[in-house]
Amino acid sequence: MGFPLGDWIDAHAGVPHNLGASGMVGSLRSVAGSLARLPAPDPDRLRRRLAVGVGVPSDALFLTHGASEANAIVLHFLAGKLRTRLGRAPRLRVEAPEYPPIPDTGRVAGFRVVGSGGSADAAALSAPRNPLGTPVGDGELDDLADGTLALLVDETFREFSDRPSSARARSPGRWITGTFTKAYGGDAIRVGYVAAPPESVERFASYHGLVTDRVPLHSVSAALALLRDRRTILAESRRIFRSNERALRDAFPDLPPLGAPVWFDRGVDGDRLARRAVRAGVLVCPGSYFGAPHAVRIGLTRRTFPVDLQAYLAVRKSGR
């Protein structure tokens with residue numbers, strides 16, 4: 001059993017037209033060849049390679065078993081730290097629509113989650129935004145962090161573009177997470193990371209060592225292989241995404257520039273449309289999972305996307 005959005009996707013993954021997936025697993029032909037040639041496992045080397053790519057010192061980069069774990073341990077670390085400092089339950093600003101495990105994990109960690117406009121002690125978001133697919137500029141991050149003591153930025157989708165990581169600024173209180181599960185299609189290897197801000201590296205290192213298990217050596221080797229072949233894999237991943245974005249723009253000319261292979265189709269009864277679509281063999285994700293019921297999320301990650309999109313549009317138009 002997973003979380004509701006994940007359960008919805010998994011329960012209907014076998015439909016003919018899958019527009020529910022947000023990652024490239026199964027779509028990248030270059031990944032199998034890369035994983036067939038594994039280098040020797042070296043966790044320290046993997047940390048160094050990731051740290052260079054993110055733009056932080058290697059001692060500020062911590063390995064995890066994916067972005068969900070990375071977000072969870074950061075949120076629990078911050079909740080405990082802020083509760084001690086403030087003497088009350090800290091407030092976490094999360095603006096809807098947002099990837100549901102971010103606010104839900106914040107609540108489990110002990111935060112009181114508030115929306116936009118409310119005063120907050122910390123803030124969290126996905127950047128690029130999931131489910132909107134839109135990039136997030138540095139100014140937007142600064143605005144979201146205004147008045148807070150910490151900002152968690154989930155950069156799960158960042159490598160679908162050349163945009164550098166926000167971690168490079170080394171801003172106080174700014175935490176960055178990432179993973180191999182989207183642009184690399186590396187779901188099976190279960191590798192992610194946390195980039196901690198300078199003032200928290202030492203304390204977080206102790207916390208990370210206590211609450212996480214080491215990443216398996218096979219996964220370390222697989223991650224190093226994907227990084228070795230990064231240019232080829234990301235070129236293929238971005239090519240599929242941008243081709244699908246063009247097909248989506250043909251159907252929706254007002255489509256904003258996308259930074260991630262997801263899009264939020266608004267102005268519909270999301271739950272009803274998603275149920276009708278599944279009955280017709282099309283998988284989309286109800287917007288209610290993201291805190292916005294009048295929308296559905298569409299993924300642009302499959303090679304069959306143009307055909308799948310036409311099947312979705314037929315359901316959307318039918319209104320049955």
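Over all other residues within a Cβ to Cβ distance under 13 Å of Arg83, the charged ones net out to +4, with Lys and Arg as +1 and Asp and Glu as -1.
Database remark: amide H of Arg93 closer than 5 angstrom to the amide H of Val114, Asp121, Ala122, Ala123, Ala124 (H placed geometrically; neighbours at sequence offset of 5 or more, or on other chains; Pro and chain starts carry no H). Stokes-Einstein, applied to the Kirkwood radius of the range 264-320 over Cα pairs at a viscosity of 0.890 mPa s and 25 °C, places its translational diffusion at 220 µm² s⁻¹. The convex hull drawn around the Cα atoms of the chain, when projected onto a plane and averaged over every direction, covers 15.6 nm². Shape of the range 212-320 from the C-alpha gyration tensor: prolate (a/c of 1.5 or more and a/b above b/c, with a ≥ b ≥ c the square roots of its eigenvalues).
Residues whose amide H lies under 5 Å from that of Phe157, counting only those 5 or more places away or on a different chain, are Ala127; hydrogens are built 1.01 Å from N in the peptide plane. For the range 99-242, the mean projected area of the C-alpha convex hull, equal to one quarter of the hull surface, is 9.5 nm². Taken one residue at a time, the phi angles of the range 66-81 give Karplus couplings (6.51, -1.76, 1.60, θ = phi - 60°) of x, 6, 4, 5, 4, 4, 5, 6, 5, 5, 5, 4, 5, 4, x, 5 Hz. Gly and Pro are set to x. In this structure the range 1-141 gives 43 Å² per residue of accessible area when probed at 1.4 Å with all protein chains present.
Over the range 184-320, accessible surface divided per residue gives 46 Å², non-protein components excluded, 1.4 Å probe. Backbone geometry of the range 179-190 corresponds, through the Karplus equation with coefficients 6.51, -1.76 and 1.60 at θ = phi - 60°, to 3J(HN,Hα) couplings of 7, 9, 7, 10, 5, 8, x, x, 4, 5, 7, 6 Hz, x marking Gly and Pro. Once you list every other residue whose beta carbon is under 13 Å from the beta carbon of Ala67, what net charge do they have if Lys and Arg are +1 and Asp and Glu are -1? So the environment of Ala67 carries a net charge of -2. Projecting the alpha carbon convex hull of the range 240-289 along each direction and taking the average yields 4.1 nm².
Counting Lys and Arg as +1 and Asp and Glu as -1 over every other residue whose Cβ lies under 13 Å from the Cβ of Ser27, the net charge comes to +3. When the accessible area of the chain is split by element with a 1.4 Å probe, what percent falls to carbon and sulfur? Roughly 52 percent of what the probe reaches on the chain is carbon or sulfur.
Applied to the range 285-298, the Karplus parametrisation 6.51 cos²θ - 1.76 cosθ + 1.60 on θ = phi - 60° returns per-residue 3J(HN,Hα) values of 10, x, x, 4, 5, 9, x, 9, x, 9, 6, 9, 9, 10 Hz, with x for Gly and Pro.
Summarised in one figure, the compactness ratio Rg/Rh of the range 110-156, Cα atoms and Kirkwood Rh, is 0.95.
Computed over the range 1-155, the percent of Cα pairs more than 20 Å apart is 61.
Under 5 Å between amide hydrogens, built in the peptide plane, is the criterion, and for Gly173 it picks out Glu199 among residues at least 5 positions away or on other chains.
The values are calculated or read from the model by the stated rules, or taken from the named source; none is laboratory data. This one's a predicted model, so the numbers in the text were calculated from it and none came from an experiment. Cβ sites come from the backbone with ideal geometry, for glycine too, and all protein chains shown count toward neighbours. Surface accessibility is based on the protein's heavy atoms, side chains included, excluding ligands, DNA and RNA. Shrake-Rupley method; radii C 1.70, N 1.55, O 1.52, S 1.80 Å.
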